[in-house]
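**Q** This is the structure I want to talk about, given as structure tokens.
Every number here is computed from the coordinates shown, using simple stated rules; none is lab data. Everything numeric in this text was worked out from a predicted model, so none of it was measured. A quick note on method: Cβ atoms are made from the backbone with ideal geometry, for glycine too, and the neighbour counts reach across all protein chains shown.
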Amino acid sequence: MTDSKKITSIIKEIGNVIQKEKDFLTELDSFIGDADHGINMARGFKEVEKKLPGLEDKDVGTILKTVGMTLVSTVGGASGPLYGTAFMKAGMAIGAKNDIDGDDFITALNAAVEGIKMRGKSHEGEKTMLDALIPALNTIKKVYEENKDFKAALEQGIKAAEEGVEYTKTIIATKGRASYLGERSIGHQDPGATSSYLMLKAICSII
Amino acid sequence: MKKLINSVDNVEQEMILGMVKAYPGYVKKLDCGNVVVRAKKKEDKVALISGGGSGHEPAHGGYVGEGMLDCAVAGTVFTSPTPDQIYEGIKAIATDKGVLMVVKNYTGDVMNFEMAAEMAQADGIPVEYVVTNDDVAVKDSLYTTGRRGVAGTVFVHKIAGAKAESGADLKEVHRVAQKVVDNVRTMGMALTPCTVPAAGKPGFTLKDDEMEIGIGIHGEPGIHREKVKPADEIAEMLLDKILADIDYSGKEVAVMINGSGGTPLMELYIINNKVNDYLKEKGIKIYKTYVGNYMTSIEMAGFSITLLRLDKEIKELLDAKANTPAFKE
């Protein structure tokens, strides 16, 4: 389905989307957080982009682990450890493969989600990135099992992630800085769920 | 945005370099990033490391020195430092007695420091940590991340620092640090917002006649907004909230009136005048008072009140010698 060169172009596209949506993500964060989500993510993916040319001939696991380490060491805040852990765990789950298929992608996304749960001590329904990622993962798994069409599964997954982002508007944050707002966090979509959704969409646009 | 900066990307590094150049006898910067350590490493003591986002100067680099921290790690403005930076700091200061991390309770800070601790522990360095959470403005419940760590953190640096300097082991230094965390409470307010350089505009807005009660040190929203009142009424309002949180009656306290960066000392003294009288009225004895900019929020106008409940042990450690760029005893 996808080889190392394509993986680096997917990562590059994720970076492009993050740069493009930087101000939007920061604005979302200004309502319920500390107004830096877009800034921090953009800084991290700028560093990731610098490393991509040197990664094209590496295996997929190495690429994802490098992306994760770079995010951990450049993003800061909560997003750095969370997305960093997600990419590192995804890389570890895939290992030294040069080509990955739909099953591998699901394995990687599953490992990423488990990594975020572990690092953030969180679960679904707390107004976090998990509210986009878990519905996406579940949908991708289900649709892919049914018809083995990965692109279709990913498209359905993105819809689920988008609904997840919408869902975050309706719930109270119980994790992160937004949790201090209590009921005042209702009505605002979660910036982390939004960036997760945007990343999945970027992946789909290349696959 | 009007600021004395050169480029938003260099704010943190140039600030650290300038600080180190001002206090070369106290601190030096590691090459790996914005990590400040004592100019001369002291062996045979538990090493203390703290840090957080920049924008809180003199925290945290200003508290590196004898009787307080061994290392401070500065992230970008209002953003936690990253695990690799913290890890480098831990490695630079680690002694056989181990390392205590003092972390303010923010999701990002806790995760980044935990990751760094895991990396250091894998190298065989004993690392323990405390999480400060003195801000009574936010609820401490299962449904939040817990209270925020704010100005009370400086008392943890001072007292755990004194304990570490005395040669106590990691378990003892950790116990004392946790005791301070358990006995310190803070509440703040803001008159004007602050602007993160990279954001270029204020994180929130307040009308000319409005104030935010319960503000966090990153300009996070507080409890409520209302019209500005006379200083005495504001001081009472903040104190009432602190006094309702834990029992101070009949106790001795250390008081910190902390400026948020944009508030003149004149106003902080006016606040302290009321705080002092009000505590006396309540039968609370003031052992020591600190007034100044200890944990700022860039150029925010506002202040916080911190009360630390004292016992004999904490008093002795509070009185112990400290000699750092921003805190001397």
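**Q** Starting from the Cα gyration tensor of the stretch B:211-329, take the square roots of the eigenvalues, sort them a ≥ b ≥ c, and report rounded, prolate or oblate (rounded when a/c is under 1.5, otherwise prolate if a/b is larger than b/c, else oblate).
**A** It comes out oblate by the Cα gyration axes.
**Q** Mind putting a number on the dipole of the stretch B:184-319 about its Cα centre? Charges go on the C-beta only, +1 for Lys and Arg and -1 for Asp and Glu, and I need it in Debye to the nearest 20.
**A** Roughly 140 debye, rounded to the nearest 20.
**Q** So for chain B, averaging the separation of alpha carbon pairs under 8 Å that are six or more residues apart and normalising by length, what relative contact order in percent results? Kindly include the intermediate steps, with their values, before the conclusion.
**A** Values: 772 pairs, mean separation 60.8, N = 329.
This gives 18 percent for chain B.
**Q** Under a Cβ-only charge scheme (Lys and Arg +1, Asp and Glu -1), can you give me the dipole magnitude of chain B about the Cα centre, in debye to the nearest 20? Write out the running numbers ahead of the final one.
**A** Values: 39 positive and 46 negative charges, 106 e Å.
With Lys and Arg at +1 and Asp and Glu at -1, about 500 debye.
**Q** State whether chain B is rounded, prolate or oblate according to the following rule on the C-alpha gyration tensor (a ≥ b ≥ c being the square roots of its eigenvalues): a/c under 1.5 gives rounded; otherwise a/b larger than b/c gives prolate, and the remaining case gives oblate.
**A** Taking the square roots of the gyration eigenvalues as a ≥ b ≥ c, chain B is oblate.
**Q** Just to check I understand the Karplus step: with θ = phi - 60° and J = 6.51 cos²θ - 1.76 cosθ + 1.60, what whole-Hz values come out for the stretch A:155-160, glycine and proline as x?
**A** Those phi angles translate into 4, 5, x, 5, 4, 4 Hz.
**Q** Using the structure shown, list the pairs from A:Lys175/B:Lys179; A:Lys50/B:Lys97; A:Lys127/B:Lys227; B:Lys158/B:Lys207; B:Lys3/B:Lys104 with a Cα-Cα distance above 29 Å, or answer none.
**A** A:Lys50/B:Lys97; A:Lys127/B:Lys227; B:Lys158/B:Lys207
**Q** Within 10 Å, count the other beta carbons around each residue, average over each peptide in B:132-138, B:233-239, and list them highest first.
**A** Working: B:132-138: 26.7, B:233-239: 19.0.
Per-residue Cβ counts within 10 Å, averaged per peptide and sorted highest first, yield B:132-138, B:233-239.
**Q** In nm, what is the difference between 0.36 nm times the number of residues separating B:Lys280 and B:Asn10 and their Cα-Cα distance?
**A** Taking B:Lys280 through B:Asn10 to full extension adds about 92.5 nm, to one decimal.
**Q** If the chain between B:Asp182 and B:Asp209 were fully stretched, how many nm would it gain, using 0.36 nm times the residue separation less the Cα-Cα distance? List each step's numbers first, then the result.
**A** On the way: separation 27, 0.36 × 27 = 9.72 nm, distance 3.57 nm.
Once the chain is fully extended between B:Asp182 and B:Asp209, it gains 6.1 nm.
**Q** For B:Glu313 and B:Asp123, FRET efficiency with R0 = 30 Å and r from the beta-carbon atoms, rounded to 0.05?
**A** E(calc), rounded to 0.05, equals 0.40.
**Q** Can you list the HN-Hα couplings for the stretch B:188-193, worked out from phi with the Karplus curve (6.51, -1.76, 1.60; θ = phi - 60°), rounded to whole Hz and with x for Gly and Pro?
**A** The phi angles translate into x, 8, 9, 9, 9, x Hz.
**Q** If you don't mind, there's one more thing I want to ask. Per DSSP H run of at least 4 residues, take -39500 (n - 2.57); add these up for the protein assembly as shown, divide by its residues and hand me the 222 nm value, nearest 500 deg cm²/dmol.
**A** The per-residue figure over the protein assembly as shown is -15000 deg cm²/dmol.
**Q** Where does helix A:37-51 land angle-wise versus the long Cα axis of chain A, in degrees 0 to 90, nearest 10?
**A** The two axes meet at around 20 degrees.
**Q** With θ taken as phi - 60° and the coefficients 6.51, -1.76 and 1.60, list the Karplus ³J(HN,Hα) couplings across the stretch A:97-107 in order, rounded to whole Hz; mark glycine and proline as x.
**A** Values per residue, Gly and Pro as x: 9, 9, 10, 10, 10, x, 4, 5, 4, 5, 4 Hz.
**Q** Name the residues whose placed amide hydrogens come within less than 5 Å of the amide hydrogen of B:Thr195, ignoring near sequence neighbours (fewer than 5 apart) on the same chain.
**A** Under 5 Å from the amide H of B:Thr195 lie the amide H atoms of B:Glu299, each far enough along the sequence or on another chain.
**Q** Using a 10 Å cut-off on Cβ to Cβ distances, tally the other chain neighbours for every residue of B:129-138 and report the average as a whole number.
**A** 1
**Q** To the nearest 20 Debye, how big is the dipole of the protein assembly as shown about its Cα centre, given +1 on the beta carbon of each Lys and Arg and -1 on that of each Asp and Glu?
**A** Dipole of the protein assembly as shown, to the nearest 20 debye: 840 debye.
**Q** Would you please name the GluC sites (Glu not before Pro) within the stretch B:8-59 that are DSSP coil residues with at most 12 other C-beta atoms within 10 Å of their C-beta?
**A** Hits after loop and neighbour filter: B:Glu43.
**Q** B:Glu210's amide H: which non-local residues (gap 5+, or another chain) put their own amide H closer than 5 Å, with H modeled 1.01 Å from N in plane and none for Pro or chain starts?
**A** Under 5 Å from the amide H of B:Glu210: B:Val228.
**Q** Go ahead and run the numbers for FRET between A:Glu145 and A:Thr62, Cβ-Cβ distance against an R0 of 35 Å, rounding to 0.05.
**A** The computed FRET efficiency comes out at 0.75.
**Q** Next question. Give me the inter-chain shielding for B:78-88: mean count of other chain Cβ atoms within 10 Å, whole number please.
**A** Taking all residues of B:78-88 together, the mean is 5.
**Q** Given 0.36 nm per residue, what is the gain on full extension from A:Ser205 to A:Met92 after removing their alpha carbon distance, in nm?
**A** Answer, rounded to one decimal: 38.2 nm.
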